[in-house]
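Accompanying notes for the structure given below.
The values are calculated or read from the model by the stated rules, or taken from the named source; none is laboratory data. These numbers were taken from a predicted model, which means no experiment stands behind them. A quick note on method: Cβ atoms are made from the backbone with ideal geometry, for glycine too, and the neighbour counts reach across all protein chains shown. All accessible areas refer to the heavy atoms of the entire protein, side chains included, with ligands and DNA or RNA removed. Shrake-Rupley method; radii C 1.70, N 1.55, O 1.52, S 1.80 Å.
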Amino acid sequence: MRFLTPAFLALAGLAVPILILYMLRLRRREVLVSSTLLWQRLMQDREANAPWQRLRRNLLLLLQLLILAALVLGLARPFIPVPTVASGSVALLLDASASMSTADGPAGSTRFAQAQGIARDLVGELSSGEVMTVVSVGPVPEVLTPPTRDPAALREAISRARPSQAPADWEAALALASASIAGYEEAALVILSDGGLPADLPPLPVEVRYVRVGRETENLAISALATRWLGEQPQLFAAVTNYGGQAADTILTIEVDGEIHTAERLTVAARETENLTIADLPASAGIIRAELSPPVEGGVTDRLALDDVAYAVNEPPVSGRVLLISEGNLFLEQVLSALPNVEAFRLSPGGLPAERYDLVILDGWLPDELPDTNLLILAPPQSSTLFVVDGTFRETDFLRQVGDPLLAFVDFSDVAIREAQRVEAPGWAQTLVEAEGGPLLLAGQVGGQRVAVLTFDLHASNLPLKISFPILMANLMEWYAPAQPFDAGEVIRPGDPVVIRPQATTTAYRVRLPDGSAQTVAVEEGRLTFTDTGQLGAYEVTLLAGDQPQLAGSFAVNLFAPEESRIAPADAITIGQSQVERGVSEEEVGQRELWPWLAVLALIVLLAEWWVYHRGSALPRRDRGLNAPARVRAGR
């Protein structure tokens, strides 16, 4: 055993005054007696009048010396060397991803709870001069406490951490943790996780240690759930994947708007997927909920509940009326005919029909007065009330494109363009794609209209020959769709943003979360992005015009993450090009301090000393015989 502050051992000298106090003359008690005849010899005893007395056996004295010894040793901070995960200044990364909700610990505790217990133990192994910072690794990593030596602050930060329902952003978390301990000597990162880290993480400038949590490997998950329309009838597609190593039976229950529609028993082979199609959904179906449950006779235990439930929203198809005004554009005509839920019409330039369309595409031609509806304008020949055309430019080399849902899976970097119109972007429009000479694609909302401008002629580019062209047109059609109050893809995972589409009279939008809470947000100019999608389940969106609901819709957030549903703990993780094995290092030695136990011992002995003081302090003497006379004293 060693000591961190051995100088405090000098306080053991306080035992000397305690002994002196017990050796001083005892203070006598005054007692009234009827006669002093029997007390004459005692009164003549010179020893009683001496200033010092022989030190007698006394239980109080022993207890007080034991209290002093415990306190002195505690102040000296004794410790014993123990193997540890890491020594020095530590950044502790607590995995808060969805898989850490797996309940495979003692008494059904989750992996996250086990990781919290390990983290608290590591706090107790910190030596003098060492610091620790705690980072919760969720979809958005969070520093729970900056580098500190305070064990109480560290334990409090660990206790308030909570697991998320989404995959973790490990790259951002590692960068954040590395920066938090930069500049400290002997710094190390300690990862408490079940090992579901991506394999392409960059190398780190500090040493990394991995502590594995979890033991269960078997898990069934709903890996897909979606609706589609065939004619007038909606269908439901579901997929159940077995991520474990043995075949498993399960019951897949489908609920439609809160009512059980069907229940199917499935047998899923190890590491295989079973697909199920339900063709008799009611046309009025709204929210569809699927859930896995074990058969009555039992089966493989499923410890992760997050991926046993999934949601889908059935949206009736919307047929948008689109008018193409062009001298002839085979590319546009073909893509419009191929897009689902689009009813396309074509006219030659010269005038606008009296009928109303959801979208008007103006290809190389502009009327004197633009129609009051959604517009897609290609190669505008002159200025209009919405924008200014200032000639053409040939500096069409790609410069940049923004991250926008309209450009999802679209790449303009390899698009060749001969020339484009120089369109000045007014305040309502955002430049989505830009070349060296000016914008190539602008989009925005003005006066309740959605307007996009492609500044070049399709025939003067190779864009129609790229896969990006039909994807761009499909994205535009979704953006123009009048019935959807938001832009949400077919698969939304926790943390994914959802773009809200306000109408001209919309003043605010309200989103009701799966837990029943609601958020109301005032509408501002431009796109509105809702990002609080961390809960799994169905969300309801309502657009408000003043206090009146204007338009409502729903979207579903599901886990659908193989890296989280594959719950088998990993024996090693990969950081950069190196594999980090789990476990403690034989070379690392930590310090387990014993002062808390000594403090508890001192408190217990203090309570015993108080009890003995009130019950009598003298130790029993050895019996000299049955006839031995007893000595009587008036003092204690």
Legend entry - Number of the exception - residue 284 against (1) more than 35 Å from the chain's Cα centre (by Cα); (2) within 30 Å of residue 464 (Cβ to Cβ): (2)
Inset, instruction - Take residue 155 and decide whether it is modelled with pLDDT of 90 or more and not aromatic (Phe, Trp, Tyr). - result: yes
Legend entry - Residues being more than 15 Å from residue 226 (Cβ to Cβ), β-branched (Val, Ile, Thr), within 31 Å of the chain's Cα centre (by Cα) and open to solvent by 50 Å² or more (accessible area, probe 1.4 Å) - total across the stretch 264-281: 0
Inset, instruction - Check whether at least one residue in the stretch 403-424 is under 28 Å from residue 506 (Cα atoms) and among the polar types (S, T, N, Q), and report yes or no. - result: no
Inset, instruction - Check residue 330 against each of (1) open to solvent by less than 60 Å² (accessible area, probe 1.4 Å); (2) within 18 Å of residue 469 (Cβ to Cβ); (3) without any contact (Cβ under 8 Å) to a residue 40 or more places away in the chain and name the one condition it does not meet. - result: (1)
Inset, instruction - Can you give me the ranges of the helices (runs of 4 or more DSSP H) entirely in the stretch 1-112 with at least 3 residues that are open to solvent by 20 Å² or more (accessible area, probe 1.4 Å) and modelled with pLDDT of 65 or more? - result: 15-23, 59-76
Legend entry - Residue check, residue 280 of a type in the set (D, E, K, R), farther than 18 Å from residue 251 by Cβ and at pLDDT 85 or above: yes
Legend entry - the stretch 285-299, subset open to solvent by 70 Å² or more (accessible area, probe 1.4 Å) and without any contact (Cβ under 8 Å) to a residue 12 or more places away in the chain, residue nearest to residue 258 (Cα to Cα): 296
Inset, instruction - Test each condition in (1) farther than 21 Å from residue 334 by Cα; (2) more than 43 Å from the chain's Cα centre (by Cα) for residue 458 and report the one that comes out false. - result: (1)
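For (1) over 30 Å from residue 205 (Cβ atoms); (2) open to solvent by 30 Å² or more (accessible area, probe 1.4 Å); (3) modelled with pLDDT of 85 or more, each residue gets a yes or a no:
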| position | (1), (2), (3) |
| --- | --- |
| 565 | yes, no, yes |
| 570 | no, no, yes |
| 585 | no, no, no |
| 594 | yes, yes, no |
| 597 | yes, yes, no |
| 601 | yes, yes, yes |
| 619 | yes, yes, no |
| 629 | yes, yes, no |
| 633 | yes, yes, no |
Legend entry - Filter result for the condition that a residue is under 19 Å from the mean Cα position of the chain (by Cα) and free of Cβ contacts under 8 Å to residues at least 12 places away in the same chain, over 166, 179, 175: 175
Inset, instruction - Sort out which residues of the stretch 418-440 are closer than 13 Å to residue 461 by Cβ and open to solvent by less than 20 Å² (accessible area, probe 1.4 Å), and write them in order of number. - result: 420, 433, 435, 440
Inset, instruction - Go through the stretch 512-538 and give me each residue that's assigned to a strand (DSSP E or B) and under 25 Å from residue 407 (Cα atoms). - result: 528, 529, 530
Inset, instruction - Check whether at least one residue in the stretch 225-237 is of a type in the set (Phe, Trp, Tyr), in a strand (DSSP E or B), touching a Ser or Thr at 6+ places or on another chain (Cβ under 6 Å) and open to solvent by 20 Å² or more (accessible area, probe 1.4 Å), and report yes or no. - result: yes
Inset, instruction - Determine whether residue 167 is assigned to a loop (DSSP other than H, G, I, E, B), at pLDDT 90 or above, buried (at least 20 other Cβ atoms within 10 Å of the Cβ) and in contact with a helix residue (DSSP H, G or I) (Cβ under 9 Å, 6 or more places away or on another chain). - result: yes
Inset, instruction - Could you list, in sequence order, all residues of the stretch 333-357 that are among the small types (Gly, Ala, Ser), in contact (Cβ under 8 Å) with a residue 12 or more places away in the chain and under 24 Å from residue 230 (Cα atoms)? - result: 338, 344
Inset, instruction - Take the residues in the stretch 139-163 that are part of a loop (DSSP other than H, G, I, E, B) and in contact (Cβ under 8 Å) with a residue 24 or more places away in the chain, then tell me which one is least open to solvent (accessible area, probe 1.4 Å). - result: 161
Inset, instruction - Considering only residues that are open to solvent by 40 Å² or more (accessible area, probe 1.4 Å) and under 29 Å from the mean Cα position of the chain (by Cα), look in the stretch 244-257 and name the one that is farthest from residue 296 (Cα to Cα). - result: 245
